[in-house]
Amino acid sequence: MTRIWSIAKFKAAQIKHQVKTKGADYPVLRFGVNEYGERGTEPEQEFTIRAIFHTRKVFVDRPADDATTNRATGLTTEIPMLLMAYEDYIVNPVTHMDIVNVNGTVFEVQATVNIAELNASMSISLREVNEQWPTSMEP
């Protein structure tokens, strides 16, 4: 058990160093939620996170007549993601429906995952949205 935690501490230090040296600062907006669970119109909180932007390729299933084609056709799509040090996540936790500005493109947070449950890094899945970043809060 001690060996696992020493590896986790080492990985956490590695990730923190990589995010510090190769990451970028991204502005985040958190909106309130209405009675239907939908995102509100006015931001309640604004903060900045430091993370590494990357993408992950996934295969896409496409129905074709009577069967589903996937890996055979080679259809793939890229999912935008952020990698964040767990220690930074504790300070500014990013949650579902937060809005992130990545180099002028606006994304909505879909999910956050504690990778391998080691408290070393957080993987944040994003989805591009067709919204403008509020002009009063330009990054």
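The values are calculated or read from the model by the stated rules, or taken from the named source; none is laboratory data. Quick caveat, the model's predicted, so the values are computed rather than measured. Counting neighbours? That spans all protein chains shown, and the Cβs are built from the backbone with ideal geometry, glycine included.
Are any residues in region 34-44 farther than 14 Å from W133 by Cα and either polar (S, T, N, Q) or in contact (Cβ under 8 Å) with a residue 12 or more places away in the chain (or both), and if so, which ones?
Within region 34-44, the first condition is being farther than 14 Å from W133 by Cα, and the residues that meet it are 34-40, 44.
The answer is N34, R39, E44.
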Positions within region 5-40 being over 10 Å from M97 (Cα atoms), touching a strand residue (DSSP E or B) at 6+ places or on another chain (Cβ under 9 Å) and of a type in the set (A, V, I, L, M, F, W, C), in sequence order: A12, I15, V19, A24, V28
Within region 1-41, tally of residues that are modelled with pLDDT under 90 and part of a loop (DSSP other than H, G, I, E, B): 6
Qualifying positions in region 90-139 - buried (at least 16 other Cβ atoms within 10 Å of the Cβ), outside any loop (DSSP other than H, G, I, E, B) and of a type in the set (A, V, I, L, M, F, W, C): I99, V100, V102, V106, F107, V109, M122, I124, L126
Candidates I49, I7 - the one that is surrounded by 12 or more Cβ atoms within 10 Å (Cβ to Cβ), among the β-branched types (V, I, T) and more than 16 Å from I90 (Cα to Cα): I7
Filter result (assigned to a strand (DSSP E or B), in contact with a Lys or Arg (Cβ under 8 Å, 6 or more places away or on another chain) and closer than 14 Å to T48 by Cα) within region 73-89: M84, A85
